[in-house]
Amino acid sequence: MKDDFERFREENLDVAPVMTRGGLSGWTQKTFVSFSNPVYRLYYGSMVGHWSSLNMQMFARNLLVWYITGSGAVIGILALANAIPMILFTLPGGVLADRLQKKNVIQVCQVISVVISLAVTLALYFGYVSPAHPKSWWVLAVGGLLQGAVMGVMTPSRSAIISEIVKPSQLMNAISLNNLGMNVFRIISPALAGFLIDVFDYWVVYALMTAMTLMSTIFVIFVPPTSNPAGSSGVGNSLSDVIEGWRYLKGEKTILAVLIFTAIGMIFGAPYVQLLPMFAAPEILNINATTLGILMMVSGIGAIIGSLVLASLTNRHRGKVLIFAVLLMSLTLVGFSFSSWLPLSMVFIFFIGLGSTIQMALGNSLIQYYVDATYRGRVLSFFMLCFGLSSLGAFFAGILAENIGVQWAIGGLAIVLVLFTLGIMTMVPRLRRLD
């Protein structure tokens, strides 16, 4: 006999999509089909709060550190502070995702995030974190350290719960719409944060981040408990579970190939986001916080288009699309790195956003599509480990930027990624032929 959630899930997934009543085209119905699921809509509402807060934080924190210290190395240290706990806690987070109710894991982590964000907001409001206290960036480093641990624990559950909400045939659509929402806020959040910084102050941005994280927490309350594919009682040896997940992953060569390729793409391609404030310098683009936010907005527009394209694709030739996306991202990142003309930089960053979102969404979708449900949380934790490793890449990029300049630091990493992608294209036919 099926449990209540499975019965609820089937009843709500078998109804005709409510959006067809408005006479929308077949393409639109196909692209937004996951929104016909009420549980997915609740989940999506929670993610809206999460995405808006996360994107504002990524923009405001790095710009604030650059404003306080003027040091690329310190930006790199902040990335490292965020990366280490994420790397350490992501694999245990995958175990928790397979053992416990994912909703409960997400809720606890969200409450902790609210407390951390509120603490930083107060430190900014009372003037401690400011150029008047050059060493006050340690508050942001500690905040990043704690947020990295929370993200490491929470992210596998956030990702794995999607496959328990929607049907397998709609999984790529649901993940693509997830990335679409994230990229919408890559447009809205940095632009809004830049405006608020120029007109008001950094504490206003952090106060808004706190409110959005709280909103996300409230939405999760209404998501019904999902099934537990692993059927675990929640007790046992966590290390053994991680090792078991790794053994399974090593035996699944296709999933492992997707994971490694996606990880390399993120490690070498993602650090530019954290070092972007350095491109605002007078000798490169010579722009203020508002214009820097607009630059991030253009990247988000490209990412939205990539998400819409991916949401409407069928499960065919996905390996080739993944390789093409990484190649597009890396080539345009080379161009962006050495551009000092704002209109040209906007063109390049548009395609960087388009390629990067297809890479991340498609890598996530392929892994969830092919993995055994019993190991889904643990395998996804290895995938989410890539985000921690990308922050680790930003640390080394920050050190390089301090010594050879940010343009050569980011451009050099992008050139390595171009060569690596061309090598994968010719030497790993398994990935190229993947549907």
- When each pair of different Cα atoms in region 271-321 is counted once in the 1/r mean, what is the Kirkwood radius in angstroms, to one decimal? 13.1 Å
- Binned at 10 Å from zero, the C-alpha pair distances of region 143-225 give percents of 14, 36, 36, 13, 2
- Message: How many angstrom lie between the Cα centre of region 140-189 and the Cα centre of region 39-106?
- Response: 10 Å
- Sparse-neighbourhood loop sites, trypsin sites (Lys or Arg not before Pro) in region 93-151 - DSSP loop, at most 11 other Cβ within 10 angstrom: none
- Message: What do you get for the angle between helix 318-337 and the principal long axis of the chain? Use alpha-carbon atoms, 0 to 90 degrees, nearest ten.
- Response: 10 degrees
- Query: Using Cα-only point scatterers and the Debye equation, what is log10 of I(q)/I(0) for region 112-175 at each q in 0.17 Å⁻¹, rounded to two decimals?
  - Reply: -0.68
- Karplus ³J(HN,Hα) for region 281-288 (6.51 cos²θ - 1.76 cosθ + 1.60, θ = phi - 60°; Hz, whole; x = Gly/Pro) runs 4, x, 7, 10, 9, 6, 10, 9
- Based on a Kirkwood Rh over C-alpha pairs, give the Stokes-Einstein translational diffusion coefficient of region 327-379 at 25 °C and viscosity 0.890 mPa s in µm²/s. 193 µm²/s
- Item | Percent RCO, i.e. relative contact order, over the chain, from Cα pairs under 8 Å lying at least 6 residues apart | 27 percent
- Under the Karplus curve 6.51 cos²θ - 1.76 cosθ + 1.60, θ = phi - 60°, whole-Hz ³J(HN,Hα) for region 199-206, x wherever Gly or Pro sits: 8, 10, 6, 5, 5, 5, 4, 5
- Message: With every atom except the alpha carbons ignored, what do you get for Rg and Dmax of region 68-114, in angstroms?
- Response: 14.8, 45
- Query: Out of VAL166, VAL204, VAL184, any idea which swings most in a Gaussian network model of the chain, alpha carbons joined below 10 Å?
  - Reply: VAL204
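As a check on your grasp of the helix formula, calculate [θ] at 222 nm for the chain: sum -39500 (n - 2.57) over DSSP H runs of n ≥ 4, divide by the residue count, round to the nearest 500. Let's see the in-between values first.
Working: 18 runs with 344 residues, N = 435.
Result for the chain: -27000 deg cm²/dmol, rounded to the nearest 500.
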- Spacing of the two label points (7 Å from each Cα toward its C-beta) at MET427 and THR374, in nm: 3.4 nm
- Note on the structure: Working note, the chain: Cα radius of gyration (Å, one decimal) and Dmax (Å, whole number) are 20.9, 68
- Per principal axis, descending, Cα span of region 273-425 in whole Å: 52, 31, 30
- Message: Defining a contact as two alpha carbons under 8 Å apart and six or more residues distant in sequence, what relative contact order in percent does region 338-435 show?
- Response: 18 percent
- Task: Find which of ILE415, MET297, VAL379 sits farthest along the positive direction of the dipole of region 278-435, computed with +1 on the beta-carbon of Lys and Arg, -1 on that of Asp and Glu, about the Cα centre.
- Result: VAL379
- To the nearest 10 degrees, how steep is helix 38-69 against the longest Cα principal axis of the chain, on a 0 to 90 scale? 20 degrees
- Message: Please compute the length gained on full extension between VAL142 and VAL309, using 0.36 nm multiplied by the number of residues separating them and subtracting their Cα-Cα distance.
- Response: 56.3 nm
- Message: Compute, for the chain, the length of the dipole vector about the Cα centre, with Cβ point charges of +1 (Lys, Arg) and -1 (Asp, Glu) only. Units Debye, rounded to 20.
- Response: 760 debye
- Note on the structure: Final fewest-first order of HIS50, HIS317 on the 10 Å Cβ neighbour count is HIS317, HIS50
- At the level of C-alpha centres, the distance separating region 356-433 and region 258-307, in angstrom, is 15 Å
- Item | Two-site label geometry, PHE338 and PHE35: point separation in nm, points 7 Å out along Cα→Cβ | 4.3 nm
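A short reminder: the numbers here are calculations on the coordinates, not readings from a lab. Since the structure is predicted, the reported quantities are computational estimates derived from the model, not experimental observations. In this analysis, Cβ positions are derived from the backbone assuming ideal geometry, glycine residues included, and neighbour counts consider all displayed protein chains.
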